[in-house]
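The values are calculated or read from the model by the stated rules, or taken from the named source; none is laboratory data. Please read all numbers here as calculations on a predicted model, not as lab measurements. For neighbour counting, all protein chains shown are included, and Cβ atoms are generated from backbone atoms with ideal geometry for every residue, glycine included.
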Amino acid sequence: MIVKEEFLTKLRRYFSLNLYEVKIWTALLSRGVSTAGELSDIANVPRSRSYDVLESLEKKGFVIMKLGKPIKYIAVSPKEVLERVKKHVKEDADEQVKKLEELKGTDVIGELNSLHTQGVELVEPSDLSGSLRGRHNLYNHLELTIRNAEETVTIMTTSQGFLRKVEGFKPVFDQLKKRGVKIRIAAPMNKDTEDVAKDLEDVAEVRNTLTKARFVVVDGKELVFMVMDDEDVHPTYDIGIWINTPFFAAALEQLFELGWKSMKPVKVK
């Protein structure tokens with residue numbers, strides 16, 4: 001049996017298996033029913049390890065041990081394996097989320113918050129800055145920064161950036177609106193963005209701009225700005241800079257205020 005290394009690597013990633021497990025599993029799939037010794041020879045896995053590997057695959061729901069002697073193993077259909085793995089992953093995720101939720105309000109979080117507060121007090125203002133690489137990390141930090149807003153959130157973005165932010169931050173915007181936070185968004189408008197803008201009609205003021213820029217200012221104190229054009233860069237290589245500096249953030253927000261007055265409000269159809 002010849003299975004490409006690239007295919008084995010994909011199986012390891014998708015099903016969270018080690019190299020011996022994917023080799024034994026694919027060997028069994030090619031045979032349907034087989035003994036541990038036969039699978040060891042086919043998959044080129046040490047015979048001393050094949051029994052442990054098959055036991056592990058059995059616990060994970062990939063194989064079934066057949067009654068009788070010699071002991072043989074039956075391959076579970078890949079479709080059924082996929083459903084079992086999905087169920088197992090979901091159960092693990094739910095359990096982990098439950099444990100994390102139980103931490104809220106405990107002494108553990110209290111002590112961590114205390115450590116963080118003490119640490120921040122010792123940090124120079126110039127040190128409260130960082131580089132964010134990759135759009136996933138960038139948007140995670142953006143969400144955290146926006147969620148902590150107390151008074152204002154000012155956003156200048158591109159057309160595609162506007163669509164991404166509406167999709168990703170709409171629940172956060174709803175929460176901020178209930179707390180009385182003022183949200184303003186400026187972006188180049190087109191048919192797609194105008195259609196989506198109606199989702200923000202009750203939570204944010206949206207205006208059309210011809211300026212191409214990407215930044216977020218929160219409470220005139222915190223600033224996140226992107227240094228790349230999102231039309232020219234792959235999401236993996238997108239870069240943002242986070243700065244906690246009232247002086248620079250307030251200055252940028254004042255410049256935004258000058259441009260905001262000349263921007264046309266988006267008319268929601």
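Just a few scattered comments:
- Residue tally, condition crowded, with 18+ Cβ neighbours inside 10 Å and under 12 Å from G161 (Cα atoms), over the stretch 219-235: 2
- Leading residue by the ranking (surrounded by the fewest Cβ atoms within 10 Å (Cβ to Cβ)) among those in the stretch 1-13 that are free of Cβ contacts under 8 Å to residues at least 24 places away in the same chain and not basic (K, R): I2
- Meets criteria (surrounded by 17 or more Cβ atoms within 10 Å (Cβ to Cβ) and either in contact with a Ser or Thr (Cβ under 9 Å, 6 or more places away or on another chain) or farther than 24 Å from R135 by Cβ (or both)) for N190: no
- The set of residues from the stretch 190-205 being closer than 15 Å to W260 by Cβ and touching a Phe, Trp or Tyr at 6+ places or on another chain (Cβ under 8 Å) comprises just one member, A204.
- Consider the stretch 18-76 and keep the residues that are outside any helix (DSSP H, G or I) and hydroxyl-bearing (S, T, Y). The one that is surrounded by the fewest Cβ atoms within 10 Å (Cβ to Cβ) is T35.
- Residues within the stretch 7-17 that are outside any helix (DSSP H, G or I) and farther than 15 Å from D52 by Cα, tallied: 1
- D230 vs. criteria without any contact (Cβ under 8 Å) to a residue 40 or more places away in the chain, over 19 Å from G130 (Cα atoms) and not hydrophobic (A, V, I, L, M, F, W, C): no
- V217 vs. criteria in the same structural domain as L138 (by TED's automatic domain parsing), in a strand (DSSP E or B), at pLDDT 95 or above and out of contact with any Pro (no Cβ under 9 Å at 6 or more places or on another chain): yes
- Cβ-Cβ contacts under 8 Å between residues 6 or more apart (or on different chains), taken from a first residue in the stretch 131-152 that is under 12 Å from Y237 (Cβ atoms) to a second residue that is of a type in the set (S, T, N, Q), are listed as G134/T236; R135/T236.
- F225 being at pLDDT 90 or above, of a type in the set (F, W, Y), closer than 25 Å to R147 by Cα and touching a Ser or Thr at 6+ places or on another chain (Cβ under 7 Å): no
- Qualifying residue in the stretch 180-203 (condition: assigned to a helix (DSSP H, G or I), in contact (Cβ under 8 Å) with a residue 60 or more places away in the chain and of a type in the set (K, R)): yes
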